[in-house]
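Every number here is computed from the coordinates shown, using simple stated rules; none is lab data. What you are looking at is a predicted structure, and each value in this text was computed from that prediction instead of being measured. All Cβ positions, even for glycine, are placed from backbone atoms using ideal geometry, and neighbour counts span all protein chains on display.
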Amino acid sequence: MRLLVLGGGQLALMMCWEAARLPLRFVVYEEDPRAPAFRCAEMAADPLSAVDEADYVTFEFENVRLDAAEYAHRQGKLRPHLDYLLLKKNRIEERETLQSLGIPVPRWTVARSPAEALDVARKLGRAMAKWPAGGYDGKGQYLLPKEVPEGSPLLVEEYVEVRREFSIVAARSEEGDIYFYPPAENHYVDGILVWSYAPTRAPPEAYGYVERILEWRRYVGVLAVEFFEDRDGRILVNEIAPRVHNTGHWTLETDASQFENHVRAVLGLGIRRPSASAPTAMVNIIGVAAPPIRELERLGKVYWYGKAEARPRRKMGHVNITALTAEEAKARAGAALKILYGREFPRLVMRPRAAPARPPSRREEAGRTTG
């Protein structure tokens, strides 16, 4: 059996790690020959030829070669359904679809110019402006009225006073079997995930929202849904990720991780339910070229992605920390943050935002790879 993954970042690498014991050839198409996945995976020279040779095709990230994904879809090989990838490539369509499914999202509108976006922000008090395409890890997002990006249209949404952010990672098989991993609570700096822990609490309706998204186009694979809980107790869907996700990296400490279950679902092997999962915190290693491995390993397990160079905002690896209780895991995560960044946090992690730039063109967007 031959599986083709579009995109060669750390998510593809971890899928390859978890699929290594299965009887398959794990092939990746990625233009950068130094990409992390090639520490494990076979390299495909041409994406369309690789689709022809594959039994199944999936993607590790939204910003992959769209022509290859469309070609795989036409051949009936792409999983999950192409519509989830297209949805994730356009925030406006994502919002419209979620609302059509009866899923609560922040109040939003479309602005046709920066001036119109500012006018909306004045009416709302504060608002966020987002490019429809090309955003991840906080990229392409601007707080109004202080910053106004050039380009249009813009998704403009209310600024949510967040009490906490959490996510639910779920796996769905071809037969419709669904497994929900325990929810994770997530902590961000400037739009990028710095650390998270699981399990946390999630209201029953949140699982229902995830299931609606999964059933919309009969999803196959692993999907993550990120939620806001605001100061009034509203539960809002912030965004979806039709793939394995950073907030599910803690599942590597179970005996059936998100990465294994994504591969299993895509191949039609069915999903496995973890037999046990200890409270686990995950700390991202961001912008650090040479972390103190020995010190970190006293707290947990280090996963290193092998990227060619470190730079601000770039995820170089992560640490998973298991404990008897969530509180203990959280405390040890704090210790890991101090080891990694010390008093320099978050300066070592985050480069100051540059002046707003134009949104990427469709051609630029199609050629992007994971950071």
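Rounded to whole Å, the principal axis extents of the Cα atoms in the stretch 2-78 read 29, 26, 20, largest first.
How do 74-83, 314-323 rank on mean C-beta neighbours within 10 Å, highest first? Don't skip to the end; give the middle numbers.
Numbers: 74-83: 17.1, 314-323: 21.9.
The packing order, highest mean first, is 314-323, 74-83.
Size descriptors for the chain, from the alpha-carbon set: Rg then Dmax equal 19.8, 58 Å. Straight-line reach from Lys330: taking Cα to Cα under 14 Å and skipping same-chain neighbours fewer than 8 places apart, the aspartates and glutamates in range are Glu185. Can you work out the FRET efficiency for the pair Leu24 and Asp119, with r the C-beta to C-beta distance and R0 = 56 Å, to the nearest 0.05? E(calc), rounded to 0.05, equals 0.55. The modelled label-to-label distance for the pair Asp255/Glu42, using points 7 Å beyond Cα in the direction of Cβ, is 3.1 nm.
In the distance distribution for the stretch 162-344, Cα-Cα pairs more than 22 Å apart total 46 percent.
Output the peptides 297-307, 99-109 sorted from most to least packed, where packing is the average of other Cβ atoms within 10 Å over each peptide's residues. Before the final figure, lay out each step's value.
Numbers: 297-307: 17.0, 99-109: 14.9.
Descending packing order for the listed peptides: 297-307, 99-109.
Label-to-label distance, Asp67 versus Glu215, with points set 7 angstrom from Cα along the beta-carbon direction: 3.9 nm.
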